[in-house]
1. Just give me the residues in the stretch 94-112 being over 12 Å from G58 (Cα atoms) and either loosely packed, with under 13 Cβ neighbours inside 10 Å or at pLDDT 95 or above (or both), in sequence order.
2. Report, by residue number, each residue of the stretch 57-93 that is touching a residue at least 24 places away in the same chain (Cβ under 8 Å), open to solvent by 20 Å² or more (accessible area, probe 1.4 Å) and among the small types (G, A, S).
Amino acid sequence: LFFFFYSDSDLSVRIADFGLVREVGNPITYKFEGAFLYMAPEMGGKKYDAKVDVYSAGLILLELLYNCCGENHDGILIRATRNRFPEAFDNELKFAKPVLQKLLSCESTERPQSDKMLEILSDWVS
């Protein structure tokens, strides 16, 4: 997974993940691949859908909003998946907490579709 800026004048963040976890055109996947820490809970089962990417995107969004680099990185992400966020999400980042709670829900049915997620994030910047 890579985060980078396209250019000095364009401050848009680009996120790239070069892992392959499902075939194009196949809505259901049966392969268990990827970075364990970013895997949605249902990936341990036999089948899952595109909402596993919403879960992973929630963790990436948390990393973009909060500096969780360093030796406690994994602990911060693991606690967030259990609905325990750093104190900043009760203060200056409180706008993001309800969204992250939905994105990181253990129940895939409670996570928004990717188009709804994009709509929510677009509202933040407008």
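1. Within the stretch 94-112, K94, F95, E107, T109, E110 qualify.
2. Listed by number, the list holds a single entry, A57.
The values are calculated or read from the model by the stated rules, or taken from the named source; none is laboratory data. Values in this document were obtained by computation on a predicted structure and should not be read as measured data. Neighbour counts are summed over all protein chains in view; Cβ atoms, including those assigned to glycine, are modelled from backbone coordinates with ideal geometry. Just the protein is used for accessible areas: all its heavy atoms, side chains included, with ligands, DNA and RNA removed. Shrake-Rupley method; radii C 1.70, N 1.55, O 1.52, S 1.80 Å.
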